[in-house]
Structures are given as structure tokens and as C-alpha cells.
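Here's the structure, in C-alpha cells; my notes come after.
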Amino acid sequence: MTIDEALVILDRLLPHKPLGQVYELVFRESWEGKTYSQIADATSYDYDYIKEIGAWLWQSLSEVLNERVTKKNVRSMFRRYRDADPGDEDYSHSKALRHNDAWIDWTEAPDVSLFYGRVDELVTLEKWIVQDRCRIISILGMGGIGKTSLAITLAEEIQSYFECVIYRSLRNAPPLDEMLQDLVLLLSRSPKEILPETMEGKISLLLECLQNKHCLIVLDGVEAILCSGKFAGIYSQGHEAYGELLKQIGEYQHQSCLILTSREQLREIVMLEGQRVKSLYLKGLRVEESKDIFKEKGEFRGSESEWELLVQRYGGNPLILKIAASSVQELFASNISQFIATLGQNRWLFGDIRTMLDRLFERLSAAEKRLMYWLVVVREIPSLSNLSSDMLPTKSLQEFLTIVDSLQRRSLIEKTATGFAQQPLINEYVKEKLIEMIYTGSW
């Protein structure tokens, strides 16, 4: 669909609210995936004014279509409107009925009203679920990268495609039997006393529900049921049966979708990966998207090169950028130049950022930690095809490849043009740990 076609639909949907020059500008640029910050920077309009215009547009469209319209989902919403015969006057009413008939259990989901960027990721994930009919989607990335926000925003935007939408957090590591009972009771509407007693029976009943109903289930924070101190994707004691559940959901034919968010890729997902099971590793936000995080707190001063350096050093991680924004505002009077000058080349770790990375590093196995220290010295793992055993800090090439695979599945190393390397902030953190160990004699 072209922007001109979209504007025709917009005029049809909002006939009594004249679309002025600024409104059309915001709609056009939003349609192309531009952020409010980019729109403001490219025009003479203030960021807050552009944001206010955008809020009016999406709210007005939501009221007309009886479904939540946002800057992120407006393309898919308009395509669906066009495909559902936009000349039909009963369209909005039928959409409202379909939306209201969907059964939603969203009470545990956190508020993600402040959501930044991820337009491409939302388009990709919606295609995987709606068009490709994937059975399992795994959203992966290090802590703070925005997995939960993306999963919830996605689910809210495509919920009208489903009869049932359920969000559950695994933060408290519930036993599978407890989780199965919860889901089966919700989906089957069966009395508790007639549920199967065995785990296998409950899994079979859940699969039957997924076959009979078009369900969307989000399981958030899967890393909570995984082992600390071992390689990525190994279940902690008492949670091993989750692997069998995922295996069956991925292999058996049904009309539902399970979205997982995790800091570690699960082994079952790796083995199931294909047409109906897919994974998305989240990268950091771009500079313009990162600016929007800061602008929620006010105006900040800095050159374009300083913005780029700030985002690059923090890997575009939304949570870390929020922490940094508070520090820049409170300690440096919103002056990014002073913040960068004070931190210098290798002092970007402080406060909650270090605490966050401490928790992440503690989960690593001893072998993974040794390789992370080794990477501080060599800076980059060269192409795996060019490796020889005498170059490695491990006993064998096989062991080395196992460790590299595990670190990559934790998003702690990333591919470069010539091999694998740590992100700048991770490298600084590991370097500090290494220096501390040498200084204290614990190396």
C-alpha cells in the first residue's frame, strides 16, 4: 500500500476532521517509520507539538476502528481495513465485535505505553505470526534491550487475530505443572477437579486447546527457569519438563502461537528452528530512536557525534539509556558533552548499570567467563574457519565452539565482519573484572 492510498483511507475514516498540513506531515512521516524526534528535527516544529499531533491522530483512528491504532501498527491496520472491503459501512462494527469477542488475560502484563522504535521488528514478527503462522516465536537479547516491551506491544497490536490472548511472567520460575494447570483451566474452561493428573495429560489437553482455538500466549522472562553457572539454555532442577512442552508445541500442528522472551536461547528452539519456529535477536536502538528516550525527560544538549558516541557505548540498550538519561539530567544539567568529557574513554560503568551487568555475568559458567576475559586481551575471535587449536584458550576446538555458541545465545558476543567480539560496554565491564582479579590475586 502506498502513502497516497493510505491518505485516501485516512480521509474516509476522518471525514469531519480536516487534515491540515501538520497532520498530514506527521501521518506521512510516521507511515515511513520516522520517529517524532526525526520529524521535529527535519521541520520547524517542536518535538512536543509533533508528539501531540500524533497522539490525536492515533486516538481518533482508534475510536473510529474500535481497535487500538498506534504509530507502530498503522500500516498493518490500514492494510487490513483495505482488505476487508473498506466500502462496507458495517466494517467498524464487525471489527468491534471481533475484538470484543476475543478473550484476553492481560492482568500480569507491565505497562509499555512508552515504546521506542522497533518498527522493522514489529513488521517482521507480525508477518511470522499472521502470514507464516509460526507456532513458536522466540524474542532474545540481553537484559534491558526491550524484549518484554516488544512482545507486549506486538501482542496488543495483533490481538484481534486471536480468540484468546494470555500473558504470563516466568519471573518467579513456576513449576510446569502449575503453569499448565493455569493455562488449561483458562483455555478449556474445565472444572479443576476433572483435569488430568499427569503432566503428560495436561500437555495433551493444552495442545488440544491450541488446536481448537486461535490462541496467542506470551511467556515472558524464560531465563528464570534456566540454570545459572552453566552453558546457555539448560533448565534448572525441576523445570526440565518445559523442554518437552516446547518440543510438542513446535512439532504438533495447531492454530496458535507461543511467544517466548529470554536472555538465553533454548536448545529446543535451536533444534526446532525452521518454517514454523523462528527466533529474533534484538539489537540496540538507533540514535534517533534513542533520542526519544531522553526527550521523555526533557531537552538535552549534545552534538550529533556525541549522541552517536553515547548510543554506541551503551549499545542502544533502552534500559541503560534510561539510566544514563537520568544521570545526565541530574548530575550534568542535561549536558551530554559534559557527561562524555567526564567519563572519558573507559569509565562508562556506574551505579545501576554495573549492578545490571553484575547479575548478567554471574549467570555465566566458569568456561564462559574465562573466554570473556580472553576476549579482553585478543579483542576479537577471528573467523571460526581459520581457527587452530594452538590459538585457543581451551583444550580443544570443540570445547571452544561450545563456549562461543553459548555466549552468542546469551547475546554477550556478536558477529562482526571478521569474527566475534564483545560490545564496548561489555568489554569495559569484563576488563574491570579482570583487573580486579589480578589486583586481588584471585586470577
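Of the listed peptides 220-229, 54-63, what is their order by residue-averaged count of other C-beta atoms within 10 Å, with the highest listed first?
Numbers: 220-229: 19.2, 54-63: 16.6.
Result, highest mean first: 220-229, 54-63.
Might you work out the accessible area of Cys257 for me, using a 1.4 Å probe with all protein chains in place, and round it to the nearest 10 Å²?
10
Report the calculated FRET efficiency for Met1 and Glu296 (r = Cβ-Cβ distance, R0 = 30 Å), to the nearest 0.05. Write out the running numbers ahead of the final one.
Working: r = 31 Å, r/R0 = 1.03.
That gives a FRET efficiency of 0.45.
Could you run the Karplus curve 6.51 cos²θ - 1.76 cosθ + 1.60 with θ = phi - 60° over segment 309-322 and give me ³J(HN,Hα) per residue in whole Hz, x for Gly and Pro?
5, 4, 5, 5, 5, 9, x, x, 6, x, 5, 5, 5, 5
What residue among Gly250, Leu187, Cys164 has its Cα farthest toward the positive end of the dipole of the chain, where the charges are +1 on Lys, Arg and -1 on Asp, Glu, each on the Cβ?
Selected residue: Gly250.
Can you compute 3J(HN,Hα) from phi for each residue in segment 233-245, using the Karplus curve 6.51 cos²θ - 1.76 cosθ + 1.60 with θ = phi - 60°, rounded to whole Hz and x for Gly and Pro?
x, 9, 6, 6, 4, x, 10, 4, 5, 4, x, 5, 4
Just to make sure I understand: if all protein chains stay in place, what is the order of Met142, Met437 by accessible area at 1.4 Å, largest first? Don't skip to the answer; put the middle values down first.
Working: Met142 15, Met437 45 Å².
If we order Met142, Met437 from most to least accessible, we get Met437, Met142.
Is there a quick way to get the dipole size of segment 104-222? I mean about its Cα centre, with the Cβ of Lys and Arg at +1 and of Asp and Glu at -1; what is the value in debye to the nearest 20?
Working: 11 positive and 18 negative charges, 35 e Å.
Using Cβ point charges on Lys, Arg, Asp and Glu, segment 104-222 gives about 160 debye.
Residue farthest toward the positive end of the dipole of the chain, with Cβ of Lys/Arg at +1 and Asp/Glu at -1: which of Gly201, Ile320, Leu343?
The listed residue farthest towards the positive side: Leu343.
Could you put Asp111, Asp105 in order of accessible surface area, largest first, with the 1.4 Å probe and the full protein assembly present?
Working: Asp111 130, Asp105 25 Å².
I get Asp111, Asp105, largest accessible area first.
Any of Lys395/Lys433; Lys71/Lys322; Lys213/Lys295 with alpha carbons more than 31 Å apart? Name them for me. Please report the intermediate quantities before stating the final value.
On the way: Lys395/Lys433 24 Å; Lys71/Lys322 21 Å; Lys213/Lys295 42 Å.
Result: Lys213/Lys295 exceed 31 Å.
Using a cut-off of 12 Å between beta-carbons, work out the net charge of the residues near Glu108 (Lys and Arg +1, Asp and Glu -1, Glu108 not included). Before the final figure, lay out each step's value.
Numbers: positive: Arg168, Arg171; negative: Asp105, Asp111, Asp182, Asp220.
With Lys, Arg at +1 and Asp, Glu at -1, the net is -2.
State whether segment 98-166 is rounded, prolate or oblate according to the following rule on the C-alpha gyration tensor (a ≥ b ≥ c being the square roots of its eigenvalues): a/c under 1.5 gives rounded; otherwise a/b larger than b/c gives prolate, and the remaining case gives oblate.
Values: a/c = 1.81, a/b = 1.25, b/c = 1.45.
Note, shape of segment 98-166 comes out oblate.
Between Glu240 and Glu273, what length in nm is gained on full extension when 0.36 nm per residue of separation is reduced by their alpha carbon distance?
Values: separation 33, 0.36 × 33 = 11.88 nm, distance 1.95 nm.
Full-extension gain reported as 9.9 nm.
Under a Cβ-Cβ limit of 4.7 Å, which cysteines in the chain have nobody to pair with?
Cys134, Cys209, Cys227, Cys257
For the chain, give the magnitude of the charge dipole about the Cα centre (Cβ charges: +1 Lys/Arg, -1 Asp/Glu; no others), in debye to the nearest 20.
Numbers: 52 positive and 64 negative charges, 201 e Å.
Roughly 960 debye, rounded to the nearest 20.
Which of the listed residues, Ser62, Ile225, Tyr439, is farthest toward the dipole's positive end in the chain, when Lys, Arg count +1 and Asp, Glu count -1 at the beta-carbon?
Result: Tyr439, furthest along the dipole toward the positive end.
Could you check how many percent of all C-alpha pairs in segment 291-340 are farther apart than 12 Å?
57
Where q = 0.15 Å⁻¹, what log10 of I(q)/I(0) comes from the Debye formula for segment 287-443, counting one point per Cα?
Here log10 of I(q) over I(0) equals -0.86.
Using a 1.4 Å probe on the protein heavy atoms only, what accessible surface does Lys431 show? Give it in Å² to the nearest 10.
Probe radius 1.4 Å; accessible area of Lys431 about 70 Å².
Multiply the residue separation of Trp103 and Val123 by 0.36 nm, subtract the distance between their alpha-carbon atoms, and state the gained length in nm to one decimal. Walk me through the numbers before you get to the answer.
Values: separation 20, 0.36 × 20 = 7.20 nm, distance 2.39 nm.
Working it through step by step, the gained length comes to 4.8 nm.
How would segment 155-250 be classified by its alpha-carbon gyration tensor: rounded, prolate or oblate, with rounded meaning a/c under 1.5 and the a/b versus b/c comparison settling the rest?
Oblate, since a/c reaches 1.5 and b/c is not below a/b.
When a/c reaches 1.5 or more, the comparison of a/b and b/c decides; with that in mind, is the chain rounded, prolate or oblate per its Cα gyration tensor? Don't skip to the end; give the middle numbers.
On the way: a/c = 2.15, a/b = 1.15, b/c = 1.87.
Because a/c hits 1.5 or more and a/b fails to exceed b/c, the chain counts as oblate.
Using 0.36 nm per residue of separation minus the Cα-Cα distance, give me the extension gain between Asp111 and Asn427 in nm, one decimal. Mind showing how you got there, number by number?
Details: separation 316, 0.36 × 316 = 113.76 nm, distance 3.21 nm.
Stretched fully, the Asp111-Asn427 segment lengthens by 110.5 nm.
Per DSSP helix of 4 or more residues, -39500 (n - 2.57); summed, then divided by the residues of the chain. What does that give at 222 nm, rounded to the nearest 500?
On the way: 20 runs with 228 residues, N = 443.
Here the helix-only value at 222 nm equals -15500 deg cm²/dmol.
Hey, got the dipole for segment 137-192? About the Cα centre, +1 on K and R Cβ, -1 on D and E Cβ, debye to the nearest 20?
It comes to approximately 120 debye.
Arrange the residues Arg168, Arg263 by how much accessible surface each exposes, largest first, with a 1.4 angstrom probe.
On the way: Arg168 20, Arg263 85 Å².
Ranked list, largest accessible area first: Arg263, Arg168.
The values are calculated or read from the model by the stated rules, or taken from the named source; none is laboratory data. Since the model is a prediction, treat every value here as computed from it, not as a measurement. Cβ atoms come from the backbone with ideal geometry, glycine included; neighbour counts cover every protein chain shown. Side chains included, ligands, DNA and RNA excluded: accessible areas come from the protein's heavy atoms. Shrake-Rupley method; radii C 1.70, N 1.55, O 1.52, S 1.80 Å.
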